[in-house]
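One structure below.
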Amino acid sequence: MALGLALLCAGAAAGAQTMMNVPARKATSLNGYWNNIIDPYGHGNGNYMRDRTFDGTRLQDYDFDTSTELRVPGDWNTQNPKYYYYEGIMWYRTKFNYDLTPGNRLFVHFEAANYKTSVWVNGRLAGEHEGGYTGFEYEITSLLRPGQENSLVVRVNNQRLPDGVPTMNTDWWNYGGITRSVYLVETAPTFIYDYSVQLSKDRTKIEGWIRLKGDDVAAKDVQLAIPELKINNTYKTGADGIATFSLKAKPELWSPESPRLYDVAVQFGSESISDRIGFRTIETKGDKILLNGKEVFLAGINLHEETVGDSRRANCKEDDVKLLTLAKELGCNFVRLAHYPHNADMTRTADELGLMVWSEIPLYWGINWRNEGTYTLAVQQLTEMISRDRNRASIIIWSIANETSVNAERTAFLSKLAGEARSLDGTRLISAALQNVNKQLAPNLYTVEDPLHEALDLFSFNEYIGWYDATKEACDVIEWSLPADKPIVISEFGGGGRRGRHSGPDAYFSEDNMVDLYRHQFIMLGKIKGLAGTIPWVLKDFRSPHRVLQGIQDDFNRKGIYDDKGRKKEVWNVLKEWNDAHR
Ligand code: GCU
């Protein structure tokens, strides 16, 4: 078995991933309004909250039946002004009835909850998870009360933690809550857990595997069907429950210009899981990025997982289509999903619209590199990200970090993690947004000295010349001394501007200044040898606790090409021109 698969098996065993493609299964949505109780002092515990109903005889502090409600999925910050800045524990409770087919299994599956989550069913702990942007699930077959109403109580704590991933300081809003969908999933005793269906690196075969989970996984027949390619094959699982396949095929290739997806069905017994999968290859050759063997330029944009208009955590296809459509209109063929894995519909929508994707785990800024538990958590989140999205053609880059200061512990931590990523998925590029250490070799000669890049496939770094560093005009004469044997990607650049604020090109936060800054930036970037991608910061203005400047920021980072309502700023025209000339 490939090392990657072995790691995935370990990941699955450790609970560091979930069954694949839940909406395509026998899944019952638990989305809706759940009762909630705020608990800033952490006074509630599994006893108080997990299943208490007001019995009318004793005074008590908590009663779900008479409490307020929160929409699930949804962050709490934007649902109630009292919760806007809230960082702490929130309790949720919903009730459900479920008629489980005798002998079958029942799981409760969360697409994400931020940040630490504990789950009780009928007063008994089902499981706990750390991490705000990846899925988790627990088998609840033995906790279910057949033929009765069941209570599902969830404790979510979004407090930032020194050893967390991310940790104490982020330039985005700490949206707390059950931020993505929740499902009950019924399965047979042995069922399809996950699968990989991808194009071989030489583009002549479709290869991958199907993995069963359960007590009787060996020597079982599983089927792969791709009707348009006249594929309908049966394979036998090994003792580990995995069936691998490699079959000659010449599918139409997926690309931003032609985002061709195929209906794929993976079957076991009466179970059939349908998916939509694109086939493409991605690789580097010297300082070039090759998509399907042809050089491609990443005309990109960064975006947070935050909706247009009401600026809340995006959590559904409709939210994602609005965001990615703005990127397409901007002439982009690429998006960086900053700084954490976005919801599953975001990458599926990128597959459909034709946008290549950089997907990232939130090892952001001041991580505690010395802490073994932090490394374990990073591996868990990396495994969860890769195992959920390994069949998404749009994803070409897995990123392991953003703007992390260079030191021995950090470089050891991330170099090891890059190896972990490569062994989990050897088909995609591994990157990180390096920090522009702003090292000047001469007055107008800059470089980025970071040994981590030896472990990466791209040389990607953030630079803010003209905003945080130097002046806009300095861009015209700045040169860069960068590695010649790797594609160079500018993973962030830009500056702020309040839409509608026009007070001349030198006025701070004016639109005129943004336009001027981008024009100067493009003079500099256009001179970089081996430049293979540009990813301006950022698609739209987004909420951040750092950005309080009254009347200009008002809790929003204003570096967006669109404002928070999705309205274009004048800089949109400058960036569109660059993208059209480069993609
Ligand atoms: C950094 C960081 C972003 C941040 C941006 C900014 O590069 O990666 O998360 O929002 O700068 O300062 O606006």
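The H on the amide N of Tyr262, modeled in the peptide plane, is under 5 Å from the matching H of Ile277, Gly278, each at least 5 residues off or on a different chain.
For region 476-583, lysine pairs with C-alpha atoms less than 30 angstrom apart, excluding pairs fewer than eight positions apart on the same chain, total 24. Across region 285-296, computed HN-Hα scalar couplings (Karplus, 6.51 cos²θ - 1.76 cosθ + 1.60, θ = phi - 60°) run 9, x, 9, 10, 9, 10, 9, 6, x, 10, 4, 9 Hz from first to last residue, x flagging Gly and Pro. With the convex hull of the Cα atoms taken as the outline of region 284-582, the averaged projected area works out to 14.5 nm². Computed from phi, the 3J(HN,Hα) profile of region 78-94 under the Karplus parametrisation 6.51, -1.76, 1.60 (θ = phi - 60°) reads 9, 9, 7, x, 5, 9, 3, 9, 5, 10, x, 8, 10, 9, 10, 9, 10 Hz, with x in place of Gly and Pro.
With all pairs of different C-alpha atoms in the average, the Kirkwood value for the hydrodynamic radius of region 32-180 is 16.0 Å. Using the Cα coordinates of region 443-567, the gyration tensor eigenvalues translate into equivalent-ellipsoid semi-axes of 28, 17, 12 Å, sorted from longest to shortest. Amide H contacts under 5 Å for Tyr193: Arg211, Leu212, Lys213, restricted to partners 5 or more places along the chain or on a different chain, H placed in the peptide plane at 1.01 Å from N. Helices meeting the span-like rule in the chain (full DSSP H runs, Cα extent of at least 20 Å along the helix axis, mean Kyte-Doolittle score of -1.0 or higher): 372-389, 408-424, 511-525.
Where nothing but the Cβ of Lys and Arg (+1) and of Asp and Glu (-1) is charged, how large is the charge dipole of the chain around its Cα centre, in debye to the nearest 20?
In total the dipole reaches around 760 debye.
Note that region 245-257 has calculated 3J(HN,Hα) couplings of 8, 8, 9, 4, 6, 10, x, 5, 7, 7, 7, x, 6 Hz, one per residue in order, obtained from phi through the Karplus relation 6.51 cos²θ - 1.76 cosθ + 1.60 (θ = phi - 60°); glycine and proline are x.
Can you give the longest run of the chain that contains no chymotrypsin sites (Phe, Trp or Tyr not before Pro) sitting in a DSSP loop with at most 12 other Cβ atoms inside 10 Å? Between the exposed loop sites, the longest stretch runs 86-467. Taking trypsin sites (Lys or Arg not before Pro) across region 208-242, the ones in a DSSP loop with at most 16 further Cβ atoms lying within 10 angstrom of their Cβ are Lys230. Taking all Cα pairs closer than 8 Å and separated by 6 or more residues, the relative contact order of region 93-235 comes to 24 percent.
Based on C-alpha pairs under 8 angstrom that are at least 6 apart in sequence, the chain has a relative contact order of 12 percent. Calculated mean residue ellipticity at 222 nm for the chain: -5500 deg cm²/dmol, from DSSP H runs with n ≥ 4 weighted as -39500 (n - 2.57), summed, divided by the residue count and rounded to 500.
Ordering His339, Phe522, Leu326 by the projection of their Cα atoms onto the charge dipole of the chain, which places +1 on the Cβ of Lys and Arg and -1 on the Cβ of Asp and Glu, puts Leu326 at the extreme positive end. Net charge of the neighbourhood of Glu577, taken over other residues with C-beta under 13 Å away and scored Lys/Arg +1, Asp/Glu -1, is +1.
First select every other residue whose beta carbon is under 13 angstrom from the beta carbon of Pro505; then total the charges, Lys and Arg +1, Asp and Glu -1.
With Lys, Arg at +1 and Asp, Glu at -1, the net is -3.
For trypsin sites (Lys or Arg not before Pro), the sites in region 489-558 that DSSP calls loop and that have at most 14 other Cβ atoms within 10 Å are Lys527, Lys529. Under 5 Å between amide hydrogens, built in the peptide plane, is the criterion, and for Met356 it picks out Phe334, Val335 among residues at least 5 positions away or on other chains.
Other residues within the sphere of radius under 12 Å centred on the Cβ of Arg370, judged by their own Cβ, net out at -2 (K and R +1, D and E -1). With a simple spin-label model that places each label point 7 Å from the Cα along the Cα-to-Cβ direction, the separation between Asp202 and Thr234 comes to 3.0 nm.
Extents of the chain, taken as max minus min of Cα coordinates on every principal axis and listed largest first, are 73, 65, 42 Å. Dipole of region 32-180 computed with +1 at Lys/Arg Cβ and -1 at Asp/Glu Cβ about the Cα centre; of Ile178, Leu161, Gly32, farthest Cα towards the positive end is Gly32.
How large a share of the accessible area of region 189-280, in percent, is made up of carbon and sulfur atoms when the probe is 1.4 Å and the other protein chains stay in place?
Looking at region 189-280 in its full context, I get 49 percent from C and S.
Looking only at the chain, where both bridge partners belong to it, what percent of the DSSP beta bridges are antiparallel (to the nearest 5)? Here the share of antiparallel DSSP bridges comes out near 75 percent.
The values are calculated or read from the model by the stated rules, or taken from the named source; none is laboratory data. Predicted, not measured: the structure shown is a model, and the values here were computed from it. Ideal geometry is used to build each Cβ from the backbone, glycine not excepted, and the neighbour counts take in all protein chains shown. Accessible surface is based on the protein model in full, side chains and every heavy atom, while ligands, DNA and RNA are left aside. Shrake-Rupley method; radii C 1.70, N 1.55, O 1.52, S 1.80 Å.
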